[in-house]
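> Sharing a structure, written as structure tokens. Questions coming.
The values are calculated or read from the model by the stated rules, or taken from the named source; none is laboratory data. All figures in this text were calculated on a predicted structure; none of them were measured in a lab. Positions of Cβ are generated from backbone atoms using ideal geometry, with glycine treated the same way; all protein chains shown enter the neighbour counts. When the accessible area is computed, the model is the full protein with side chains, heavy atoms only, and any ligands, DNA or RNA have been set aside. Shrake-Rupley method; radii C 1.70, N 1.55, O 1.52, S 1.80 Å.
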Amino acid sequence: MAVEYSGGARRRWLVDVARWCPSPAQFQAAAALLPPKHHPAIARFVREEDRKRALLSRLLQYSLVHHVLGIPFHQIDICRTIEGKPYLENETLAFRNFNFNTSHQGDYVGIASELLCLVGLDIVCISKPQGETTVEFLKNFSSYLTDHEWNCIDRLGDSVEMLTEFYRYWSLKEAFVKAVGAGVGFGLHRLEFHHVQWSNISVYIDGIESRNWRFCLFKLDEMHLASIAKGHPEDAVNSFKKTLSNVLVEEEEFYAALETPEEAFTLHTVEQLTHTKVAG
């Protein structure tokens, strides 16, 4: 992982949940930085680890907006579309299509932001199935995969490689869906991914290759993967599109942003997020 990353409104941040072991008072102090409207969504979880992830997911959003736009925590207004996509309600004239996406699974909570492109992030933890074989587990998800994707997984033979390959496809599909702001009703089988050794990743949407999307896979550690999806604002679902101020972008400007090389994630501590200045 990179030590530092700077890029205007573009960020890729991670927090290692397992390293944060707050006392009840420390947890409440971190939660107090967020508006009260977010507290029920955090408190509804029974397991402490789930409450931590829910808190850190929201804390990352507020810390990132504060760092990029300079808005004080107490003035930041983050809402959600009907599908659950978070967006910034504050006017940001200088940051026309500023949008972000969070994800959490296993040990990590992360956030990605972009100024012009849509951005989606999905983190997956590669965990061995319990009580069933890898093949049995994967067949539960066969309806979400295309024949091409399933064949790419099945031909590997080795159960560990098959599981990792599946999670790569799954993460990419989820990152796309989250980028456009679609809900759980979006058919993942509509997306088919092609790649060369998991670089030059392209997507076919309803059988048609899209030139307006770029994808990148990251190996965070031996057990965790992350996917970034970047695409055109016109592809956002209507409820999310209404939150963007510059859907009709110049083609040259859009592709310049789309082709900007991905950088590694920056790992932050919770203590950094709760201070006013955050590096990267």
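> Need the C-alpha centroid separation for the stretch 172-189 versus the stretch 46-65, integer Å.
A separation of 22 Å, based on Cα centres.
> In percent, what relative contact order does the stretch 70-228 have, based on Cα pairs under 8 Å that are 6 or more apart in sequence?
21
> Mind putting a number on the dipole of the chain about its Cα centre? Charges go on the C-beta only, +1 for Lys and Arg and -1 for Asp and Glu, and I need it in Debye to the nearest 20.
So the magnitude is around 960 debye.
> Report the accessible area of SER142, computed with a 1.4 Å probe over the heavy atoms of all protein chains in place, in Å² rounded to the nearest 10.
50
> When Lys and Arg each count +1 and Asp and Glu each count -1, what net charge do the other residues less than 10 Å away from VAL109, Cβ to Cβ, add up to?
Surrounding charge for VAL109 is +1.
> May I pose another question? For the chain, set up a Gaussian network in which alpha carbons nearer than 10 Å are linked by springs, and say which option among HIS39, HIS232, HIS268 fluctuates the most.
Judging by the Gaussian network model, the answer is HIS39.
> I would also like to ask the following. Can you tell me how much longer the chain between TYR204 and PHE45 gets when fully stretched, taken as 0.36 nm per residue apart minus their C-alpha distance, in nm with one decimal?
Full-extension gain reported as 53.6 nm.
> Calculate, for ARG155 and GLN75, the FRET efficiency according to 1/(1 + (r/R0)^6) with r their C-beta to C-beta distance and R0 51 Å; round to the nearest 0.05.
With R0 = 51 Å, the Cβ-Cβ based efficiency is 0.40.
> Which lysines, on any chain, are close to LYS128 with Cα under 24 Å apart, when same-chain ones fewer than 8 places away are left out?
LYS52, LYS139, LYS173, LYS219
> SER239: net charge of surrounding residues, Cβ under 11 Å, Lys/Arg +1, Asp/Glu -1, itself excluded?
+3
> Please report the Cα spread of the stretch 119-161 along all three principal axes, rounded to whole Å, starting with the longest.
Answer, in whole Å and largest first: 34, 25, 18 Å.
> Before rounding to the nearest 500, sum -39500 (n - 2.57) across all DSSP H runs of length at least 4 in the chain and divide by the residue total; then give [θ] at 222 nm in deg cm²/dmol.
-9000 deg cm²/dmol
> Further question: Taking 8 Å as the Cα distance limit and 6 or more residues as the minimum spacing, I'd like the relative contact order of the stretch 212-280 as a percentage.
Answer for the stretch 212-280 is 25 percent.
> Now for a different question. Which value, in nm² and rounded to one decimal, describes the direction-averaged projected area of the C-alpha convex hull of the chain?
14.9
> Mind telling me which of LEU163, LEU118, LEU14 comes out most flexible in a GNM of the chain, alpha-carbon contacts under 10 Å?
Highest fluctuation among the options: LEU163.
> Express in % the proportion of alpha carbon pairs of the stretch 60-99 at distances exceeding 11 Å.
64
> Okay, next question. Order the following by accessible area, largest value first: ASP147, ASP50. Probe radius 1.4 Å; ligands, DNA and RNA are ignored.
So the residues, ranked largest to smallest area, are ASP147, ASP50.
> Quick one: compute the contact order of the chain, relative version, from alpha carbon pairs under 8 angstrom and 6+ residues apart, as a percent.
It rounds to 26 percent for the chain.
> For the stretch 1-71, report the % of Cα-Cα distances exceeding 14 Å.
Tail of P(r) above 14 Å: 64 percent of Cα pairs.
> Compute a Gaussian network model of the chain, connecting alpha carbons closer than 10 Å, and tell me which residue from ALA54, ALA43, ALA25 fluctuates the most.
Among ALA54, ALA43, ALA25, the largest GNM mean-square fluctuation belongs to ALA25.
> In the full protein assembly as shown, how much of SER199 is accessible to a 1.4 Å probe, in Å² to the nearest 10?
Accessible area of SER199: about 50 Å².
> Provide the per-residue ³J(HN,Hα) series for the stretch 212-228, in order, calculated from phi with Karplus coefficients 6.51, -1.76, 1.60 and θ = phi - 60°, each as a whole number of Hz, with x at glycine and proline positions.
Computed from phi, the couplings for the stretch 212-228 are 9, 9, 10, 9, 9, 9, 10, 9, 6, 7, 5, 10, 10, 10, 9, 10, 10 Hz.
> Mind grabbing the accessible area of THR81 for me, 1.4 Å probe, Å², rounded to tens?
Per-residue accessible area (THR81): approximately 10 Å².
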